[in-house]
Amino acid sequence: MEQANYALATNCGLSAVTACLSLLKQGEHLITVDDVYGGTQRYLRKVFCPQTGIEWDMVDMVDLNNFKSAFKKNTKMVWVESPTNPTLKCLDIEKIAAHCKKMGALLVVDNTFMSPALQSPLKLGADICLHSITKYIGGHSDVLGGALIFNEEELYD
């Protein structure tokens, strides 16, 4: 449904989150939308950042100037949802993607809330599209699953 070249299935959505974040190295910087999914936020705050030394900032990205000013020399990944869960903030993925490319940072879009039926982040310039298949794709909360979707073979590998 994402019309992508590569996909990786995981056993749950947070496994997809963990696998994606493992692309970061100690000393690098991550920017997330300010109301990133609670499970992702807790993992970043309580486990990932304290154990890896990765810097992390949450930014209100509705205002693109806030987003652009949050970049540091060591920013390597930007993590968004649009709309966000639970406040439904809508972000301009295409403009965020363009700035990420200019700055040399990967753009990850958690597309769980919209699903591929309603939004195609890779077509808007994202590098990685993430889903918790447990939610809308599964449809009934009777399965667990996650997915990472890419167009670049290097990211998939």
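Each reported figure results from applying straightforward, stated rules to the coordinates on display, with no laboratory input. Remember, predicted model here, so these are calculated numbers, not experimental data. Every residue, glycine as well, gets a Cβ built from its backbone with ideal geometry; the counts of neighbours run over all protein chains shown.
Some notes on this structure:
- Ser120 long-range amide H proximity, modeled H, under 5 Å: none
- Crossing angle, helix 93-103 versus the chain [Cα axis fit, 0-90 degrees, rounded to tens]: 50
- Electrostatic tally near Thr87: other residues with Cβ closer than 13 Å to its Cβ, Lys and Arg +1, Asp and Glu -1, net -3.
- Residue order, fewest to most beta carbons within 10 Å, for Thr87, Thr112: Thr87, Thr112
- Beta bridges per DSSP, both residues in the chain: antiparallel share near 35 percent.
- The charge dipole of region 37-157, taken about its Cα centre with unit charges on the Cβ of Lys, Arg, Asp and Glu (plus for the first two, minus for the last two), comes to roughly 380 debye.
- Straight-line reach from Lys72: taking Cα to Cα under 13 Å and skipping same-chain neighbours fewer than 8 places apart, the aspartates and glutamates in range are Glu28, Glu55, Asp57.
- Residues of region 1-37 with amide N under 19 Å of a point placed 7 Å along Cα→Cβ from Gln51: 10-30
- Positive-end residue of Cys129, Met103, Ser141, charge dipole of the chain with Cβ unit charges: Met103
- Cα gyration tensor shape of region 35-142, rounded if a/c is under 1.5, else prolate or oblate by comparing a/b with b/c: oblate
- Order of Cys49, Cys100 under a 10 Å beta carbon neighbour criterion, fewest first: Cys49, Cys100
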